[in-house]
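What follows is a single structure, written as structure tokens, with notes after it.
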Ligand SMILES: Cc1cc2nc3c(=O)[nH]c(=O)nc-3n(C[C@H](O)[C@H](O)[C@H](O)COP(=O)(O)OP(=O)(O)OC[C@H]3O[C@@H](n4cnc5c(N)ncnc54)[C@H](O)[C@@H]3O)c2cc1C
Ligand SMILES: Cc1ncc(C[n+]2csc(CCOP(=O)(O)OP(=O)(O)O)c2C)c(N)n1
Ligand SMILES: [Mg+2]
């Protein structure tokens, strides 16, 4: 088969099994768009801004586990994609970005719409390629998908000069079946002896704690994690990225940990004697000040990326490998082991944890007429029976979604944790809905975040992706305002949003439906209305308490057990 | 020795004294490979004292020698992060085993009157060569460990030195062991 470079690209995508490609055209990719036009296997989703393309592809990837694919033109198309690429990179999301480039002959001449996108993205991709020869195109695409999806996943960018896709130059096409790179051999199985040591240490623990994260979700290891945790009967917490990796409604789950984690999760971290970490990277949002992090604990850490291990916190037993096979091996070893966990010590430990739990650190005022944002999320969870896909943006609303929607399954919670990219939620919801057209997809957002990619409402309309938007509209950049309240004497510098659009009219002008909700009593009805109408996008504009804060909070410079609790919540009196 | 101050995020449980490490790297001879290494160091706040690169007998590979410093935790992260770069095929911290290190230096020195004899004598003692002679200058070539080159410069005296160019350190392991694919 003889194909042009543009046709080769499209054929590679077909051979890779790519369903959707999210993109935006321009001069440098015209040949590729012409090749796309002539086929109907790969569906192109036209976004309204290249950032939207990357987030939509990212939402597709997070919800399915398959790589998201993006196509953008050179120069401004490519630079517009950078925020979304960096977002995927920080959260280790598989993504392949195809990017037009000016023709080889003019690279380096400041040609029209030239940007050194390989140079620009080098620090925020897993790898990137500048293809210089059309005969290398297919093998490079194969490498890109291989790198993006194996080991620690991440975005891979392929920069394609326009002359390589020239329709007049045809060459034989052959998509490689497999690829090996002498410089890249990700670890899969963990070291047997290390795993054995880890199991022995876990079984001997008196106050054990499981701390797991996004790696369990990415590594498809929820079943193994759940089995191991329940086999041992130990408490477990998840990071923001790990929510759903272990069932959120199970009694062994003590809630999210970290800056806005529950009291019980952070206290159990602080007091545990053996910490089992898997697929989590000891991020500063969870450690608090490092010197006082888990002061009594021996630490076991399973991660596929050796550089995640002992990066921020020294660990005692490192296991380099993928969580799925490592956890499976641990289950076998625990079952075969003569030693059993010390039941008395464990009972005492659980009693302590239940005491912490009884503090109800996520409690909020349920009596007000004004809408409490937590209430909206709680109702959403009840209504959807915890089974919807929830995407989110960045801010207080994101934390409330994480705290109050109890995810029982992995890949249902889709948010930007590492980079914290406002504007992520709505396009990510579109990508998710395309992947699961029959599922309920809600984007829990804030009035500031949603405006960062608001133009994608048009994309949602064009492709009839019936997503629902739950706008927790507090009229503030609430998360920043909260910091200003706590740490800057309530000087609300530039965090009040004075001229907000009428979101209902805005949604309607894009062809969607919208409702504004001001009273707590109307919350459930509005949600039900959106839930009932499965064939259109609803924009639910909840006007919530503008002064509400996210609790608990580990403030800057504090240790994990020094949480600021909601007014009126006091561990000393309650637990006496 | 220059010491990088550790980035804010490094472990603080134990901080032994930073020391110099010589890391030898085999890396794909691809465009951008050098930029990936240099970018890694600047992005993560690591210190590069010197860096040399040249192709190997196998034209698809380059060999880099990188001198860096930091406490053991930082060096561990540096080697892990370097290994994580897709273009890096293999690396070894040769300063952890017996090895030979060499640096080449060329010095343009002011050589007039009695100084001409004196510098010639010093060059001989340091086993250097004089590569170029003018009525007022010499260019001297010296190879050796860093400390030897430093010693030569301080003996010649700053007031007599017009220009110094140093290659940066390269090194190789002693014995059978080596760095190869
Ligand atoms: C406003 C805001 C507030 C936040 N507050 C909190 C908070 O209170 N609590 C909190 O937890 N986070 C919070 N975050 C998120 C935080 O910034 C980090 O993104 C998050 O803690 C990282 O999660 P993780 O450790 O699970 O790592 P991830 O970023 O998910 O990394 C996954 C780890 O698993 C490894 N891995 C991947 N695949 C595999 C595999 N197959 N096998 C083995 N290992 C694998 C990777 O190498 C990596 O080390 C907040 C973010 C924002 C924006
Ligand atoms: C692109 C981007 N710019 C700035 C920030 C810093 N930031 C974090 S939260 C936030 C406010 C978000 O406001 P809103 O979307 O209304 O959410 P709320 O906190 O009010 O729920 C800002 C500005 C960010 N995370 N991303
Ligand atoms: Mg807001």
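The values are calculated or read from the model by the stated rules, or taken from the named source; none is laboratory data. Remember, it's a predicted structure, so these values are computed and weren't measured experimentally. A quick note on method: Cβ atoms are made from the backbone with ideal geometry, for glycine too, and the neighbour counts reach across all protein chains shown.
Before moving on, here are some points about what is shown:
- Residue match in the range A:72-82 (condition: under 29 Å from residue A:412 (Cβ atoms) and buried (at least 24 other Cβ atoms within 10 Å of the Cβ)): yes
- Among (1) within 16 Å of ligand 2 (Cβ to nearest atom); (2) surrounded by 24 or more Cβ atoms within 10 Å (Cβ to Cβ); (3) part of a loop (DSSP other than H, G, I, E, B), the one test that residue A:407 misses: (1)
- Of all the residues in the range A:288-307, those that are more than 10 Å from chain B (Cβ to nearest Cβ), buried (at least 20 other Cβ atoms within 10 Å of the Cβ) and farther than 24 Å from residue A:223 by Cβ number 4.
Here's the yes/no breakdown for (1) more than 16 Å from ligand 3 (Cβ to nearest atom); (2) modelled with pLDDT under 95; (3) more than 28 Å from residue A:265 (Cα to Cα):
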| residue | (1), (2), (3) |
| --- | --- |
| A:500 | no, no, yes |
| A:503 | no, no, yes |
| A:514 | yes, no, yes |
| A:517 | no, no, yes |
| A:526 | yes, no, yes |
| A:539 | no, no, yes |
| A:557 | yes, yes, no |
| A:573 | yes, yes, no |
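- One residue from A:248, A:288, A:279 being modelled with pLDDT of 95 or more and closer than 26 Å to residue A:351 by Cβ: A:248
- Residue within the range B:119-126 that is surrounded by fewer than 17 Cβ atoms within 10 Å (Cβ to Cβ), touching a strand residue (DSSP E or B) at 6+ places or on another chain (Cβ under 9 Å), assigned by TED's automatic domain parsing to the domain that holds residue B:163 and touching a residue at least 40 places away in the same chain (Cβ under 8 Å) present: no
- Meets criteria (in the same structural domain as residue A:216 (by TED's automatic domain parsing), surrounded by fewer than 20 Cβ atoms within 10 Å (Cβ to Cβ) and more than 15 Å from ligand 1 (Cβ to nearest atom)) for residue A:352: yes
- Top-ranked residue of the range A:448-475 - restricted to ones that are surrounded by fewer than 24 Cβ atoms within 10 Å (Cβ to Cβ) and outside any helix (DSSP H, G or I), ranked as nearest to ligand 3 (Cβ to nearest atom): A:475
- Odd one out for residue B:87, checked against (1) at pLDDT below 95; (2) buried (at least 16 other Cβ atoms within 10 Å of the Cβ); (3) in the same structural domain as residue B:44 (by TED's automatic domain parsing); (4) over 17 Å from the mean Cα position of the chain (by Cα): (1)
- Looking only at residues in the range A:308-323 that are within 19 Å of residue B:83 (Cα to Cα) and under 20 Å from the mean Cα position of the chain (by Cα), the one that is farthest from the other protein chains (Cβ to nearest Cβ) is A:322.
- Selected residue (only one of B:73, B:49, B:101 is within 14 Å of chain A (Cβ to nearest Cβ) and in contact (Cβ under 8 Å) with a residue 40 or more places away in the chain): B:73
- Residues satisfying the stated conditions in the range A:480-502, i.e. under 14 Å from residue A:448 (Cα atoms), out of contact with any helix residue (DSSP H, G or I) (no Cβ under 8 Å at 6 or more places or on another chain) and outside any loop (DSSP other than H, G, I, E, B): A:480, A:481
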